[in-house]
1. Sort out which residues of segment 101-118 are within 30 Å of ALA294 (Cβ to Cβ) and open to solvent by less than 40 Å² (accessible area, probe 1.4 Å), and write them in order of number.
2. Report, by residue number, each residue of segment 217-238 that is in contact (Cβ under 8 Å) with a residue 60 or more places away in the chain and within 21 Å of GLN160 (Cα to Cα).
3. Confirm whether ALA248 is in contact with a strand residue (DSSP E or B) (Cβ under 7 Å, 6 or more places away or on another chain) and surrounded by 18 or more Cβ atoms within 10 Å (Cβ to Cβ).
4. Only residues that are open to solvent by less than 40 Å² (accessible area, probe 1.4 Å), more than 16 Å from the ligand (Cβ to nearest atom) and either among the aliphatic types (A, V, I, L, M) or in a helix (DSSP H, G or I) (or both): list them for segment 315-324, please.
5. Go through (1) within 16 Å of the ligand (Cβ to nearest atom); (2) assigned by TED's automatic domain parsing to the domain that holds ALA300; (3) open to solvent by less than 50 Å² (accessible area, probe 1.4 Å) for PHE79 and report which single condition fails.
6. Could you grab the pairs with beta carbons closer than 6 Å, sequence gap of 6+ or different chains, first residue in segment 20-40 and under 12 Å from LEU52 (Cβ atoms), second one open to solvent by 70 Å² or more (accessible area, probe 1.4 Å)?
7. Can you tell me which residue among ALA89, ALA59 is away from the ligand (no atom under 16 Å from the Cβ), surrounded by fewer than 15 Cβ atoms within 10 Å (Cβ to Cβ) and within 21 Å of TYR322 (Cα to Cα)?
8. Just a yes or no: is a residue in segment 247-258 within 16 Å of the ligand (Cβ to nearest atom), touching an Asp or Glu at 6+ places or on another chain (Cβ under 9 Å) and within 20 Å of ALA104 (Cβ to Cβ)?
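The values are calculated or read from the model by the stated rules, or taken from the named source; none is laboratory data. All values derive from a computational prediction rather than experimental measurement. Don't worry about glycine lacking a Cβ; one is built from the backbone with ideal geometry, like all the others, and counts go over all protein chains shown. For the accessible areas, the whole protein counts, side chains as well, though only heavy atoms, and no ligand, DNA or RNA atoms are used. Shrake-Rupley method; radii C 1.70, N 1.55, O 1.52, S 1.80 Å.
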Amino acid sequence: MTKRVFVTRRFPGPGLSMLKGTCDVDLWPSDLPPTRAELLAKVDRIDGLLCLLTDTIDAEMLDAAGPQLRVISNYAVGFDNIDVALATARGIPVGNTPGVLTEATADFAFSLLMAAARRLGEGIDFARAGKWQTWSPGLLLGGDVHGATLGILGMGRIGQAMARRARGFEMQVLYCDPSHTRETIEGARSVAFKELLEQSDYLSVHTPLNAQTHHLFDGNAFQAMKSTAVLINTARGPIVDHGALHGALEAGQIAYAALDVTEPEPLPPTHPLFSLENCLILPHLGSATNTTRAKMGIMACENLLAGLQGNRLPNCVNPQLYDM
Ligand code: DGY
């Protein structure tokens, strides 16, 4: 029987055409995600789900899908939107898209670092608003990037790509890897989280969101950081406590924050962080290049097709399923 799949959003590149003729595809037509109720209705009796980080896949969703669900393929490397433990307990493999977005995301994180250091957002607003009257020795002074200390939280693929970029700017690189999987990285020094906070001029977050990292950047963390420090987050919003961040930026406990991810997403325009000149907020664009998004689509469809055929997913976040 033809397998039924639900794809929760259109995406660029040839990925979706790989599904044609292989399964019965229900593709969500809008650029906005299905509501919770719409998603619950759409997953009814599907064999495969291709979802995005904006879709929460939990017990209620898996129950609504039914026991025939054979695969969940996430169009993202992060998978904190999915209850993977539960999917594993139910024998459902979960796929993700690692590797293909590493360089694009590190490029973007480094762009945010540079933009924050040299106050690009404020400069653009200043010029646009007609406030530029003359060249001025004290106008919008920023911090040096060259020779400064970059702290990296999470030394996986993207953290390492960030470190490579930093070496080009002759920065000192410190890192802390909460998962303790990376013991030595050439040209970078492993430190405890406390030292990372205390020593970093720029601190860039590249760790997954989980119980250990949720609100890791709280009031105490900001208190330990340099008053000149810049925080860059391109990982997941809830790693940073936004209330504490607002307090720290307002009180000058840290100098600047550049956030590509927020809690919640989208961050409402009325959120107090938007009123601060020393906070740059972007709409989750880390992997947003044409090639990267197309490659993510191909990988997500490869995972989906493998799961439908009962084959091992090429990129599986719960591979222990195959040893059971
Ligand atoms: C991911 O893949 O997890 C990013 O956040 C979006 O590209």
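1. Passing the criteria: LEU101, THR102, ALA104, THR105, ALA106, ALA109, PHE110, LEU112, LEU113, ALA115, ALA116.
2. Kept after step one, since they are in contact (Cβ under 8 Å) with a residue 60 or more places away in the chain, are these residues of segment 217-238: 228, 230, 232, 234-236.
The answer is VAL230, ILE232, THR234, ALA235, ARG236.
3. On the way: in contact with a strand residue (DSSP E or B) (Cβ under 7 Å, 6 or more places away or on another chain): no; surrounded by 18 or more Cβ atoms within 10 Å (Cβ to Cβ): yes.
For ALA248, the condition - in contact with a strand residue (DSSP E or B) (Cβ under 7 Å, 6 or more places away or on another chain) and surrounded by 18 or more Cβ atoms within 10 Å (Cβ to Cβ) - is not met.
4. LEU321
5. (3)
6. Listed by first residue and then by second, the contacts come to PRO33/THR54.
7. Values: ALA59 fails: within 21 Å of TYR322 (Cα to Cα).
Step by step, each of ALA89, ALA59 is checked, and only ALA89 is away from the ligand (no atom under 16 Å from the Cβ), surrounded by fewer than 15 Cβ atoms within 10 Å (Cβ to Cβ) and within 21 Å of TYR322 (Cα to Cα).
8. We begin by selecting, within segment 247-258, every residue within 16 Å of the ligand (Cβ to nearest atom); these are 258.
Now restrict to residues that are touching an Asp or Glu at 6+ places or on another chain (Cβ under 9 Å): none.
Within segment 247-258 (the criterion being within 16 Å of the ligand (Cβ to nearest atom), touching an Asp or Glu at 6+ places or on another chain (Cβ under 9 Å) and within 20 Å of ALA104 (Cβ to Cβ)), the answer is no, since none of the residues qualifies.
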